[in-house]
Amino acid sequence: GCSVIFGKNVTAAAPGSAQGLYLIVSDIQAARDELLGRGVKVSEAFHAGDAYAGTDEPYLFGRLRVNGRDPENRTYRTYASFSDPDGNGWLLQEVTERLPGRVAGTDTTFTSPAELAAALRRAAAAHGEHEKRIGHHDEGWPDWYAAYLAAEQAGQPLPS
């Protein structure tokens, strides 16, 4: 979880001076679609290339942006960016599986119906592969989905 504070007299910083603010999302396309639907101008998805070119707005540790999702669909590697009305720079970062130790416990929290739906789609795809491996319909699918969703958010090994 996190908090984002908006309002007047929150900081002495000049409007638009905050750059490279990260918002972590589980489905970058769903997040982009939601922002676009609200009239926000947001970039296409991109990933950091191998070439180093100095600074980047917002920050990708100096790596050049390459159009499109990360080619290997790795977690933490696909981004989109936008600016808020004050000119602050935001970076959406897609995280589909947390690295070990990044989330404590097995609490599972979804911040929107779109985020939960995206997690359920990932679980459904993985469960379909699970049923292929076991060779029959899995009557215990609700428990399997629950274990998958909790493990995914906690950065633990996913059930197979």
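The values are calculated or read from the model by the stated rules, or taken from the named source; none is laboratory data. It should be emphasised that the depicted structure is a prediction, and the values quoted were computed from it without experimental measurement. A quick note on method: Cβ atoms are made from the backbone with ideal geometry, for glycine too, and the neighbour counts reach across all protein chains shown. Side chains are part of the model used for accessible areas, which takes the heavy atoms of the whole protein and leaves out ligands, DNA and RNA. Shrake-Rupley method; radii C 1.70, N 1.55, O 1.52, S 1.80 Å.
Residue count for the range 27-70 under the criterion of being at pLDDT below 95, of a type in the set (A, V, I, L, M, F, W, C), open to solvent by less than 30 Å² (accessible area, probe 1.4 Å) and not in a loop (DSSP other than H, G, I, E, B): the result is 4. Taking first residues from the range 115-133 that are farther than 13 Å from Ser160 by Cβ and partners that are among the aliphatic types (A, V, I, L, M) and surrounded by 15 or more Cβ atoms within 10 Å (Cβ to Cβ), the Cβ contacts under 8 Å between residues at least 6 apart in sequence or on separate chains come to Glu115/Val25; Glu115/Ala30; Ala117/Ala30; Ala118/Ala30; Ala119/Leu149; Leu120/Leu149. Residues that are at pLDDT 80 or above and open to solvent by 50 Å² or more (accessible area, probe 1.4 Å) within the range 148-160 comprise Pro157, Leu158, Ser160, listed in sequence order. Counting residues in the range 71-92 that are more than 26 Å from Leu36 (Cα to Cα), free of Cβ contacts under 8 Å to residues at least 24 places away in the same chain and in a loop (DSSP other than H, G, I, E, B) gives zero. Applying a threshold of 6 Å to beta carbon distances and a minimum spacing of six or more residues, or different chains, the list of pairs starting in the range 35-50 at a residue that is in the same structural domain as Tyr79 (by the TED database) and ending at one that is among the polar types (S, T, N, Q) and open to solvent by less than 70 Å² (accessible area, probe 1.4 Å) reads Ser43/Ser81; Ala45/Thr78; His47/Thr78. Scanning the range 123-147 for residues being in a helix (DSSP H, G or I) and either among the hydroxyl-bearing types (Ser, Thr, Tyr) or surrounded by fewer than 12 Cβ atoms within 10 Å (Cβ to Cβ) (or both) gives a total of 9.
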